[in-house]
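The values are calculated or read from the model by the stated rules, or taken from the named source; none is laboratory data. What you see is a predicted model, and the numbers here were worked out from it, not measured in a lab. Please note that ligands, DNA and RNA were not included when accessible areas were found on the heavy atoms of the full protein model with its side chains. Shrake-Rupley method; radii C 1.70, N 1.55, O 1.52, S 1.80 Å.
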Amino acid sequence: KEDIIITRNGTKIAKLTAVKETPSVAQPDKVYEKASEYSFDGKKATYEEFLVLQQESDERYEYIDGEIYLLASPRT
């Protein structure tokens, strides 16, 4: 329901805004996605699913209370 400002090193680089419906006329400076693509049914991940993800990926993850978190590596 509220705007989310994305920053990099203190500089605003993007703004996420909730919209009720996709406009009929395309706007080249905006990207629209359907909320249903990101639906969450309340299901928690199992530890076995976490282990499979960890084995198949080079990224680092952490498993806490059924939720999997990506551990961002520090960058220079």
Residue, least open to solvent (accessible area, probe 1.4 Å), within the range 35-61, restricted to residues that are within 29 Å of Ala18 (Cα to Cα) and at pLDDT 85 or above: Ala45
Residue ID - nearest to Leu71 (Cα to Cα), chosen from residues in the range 13-28 that are open to solvent by 100 Å² or more (accessible area, probe 1.4 Å) and modelled with pLDDT of 75 or more: Lys15
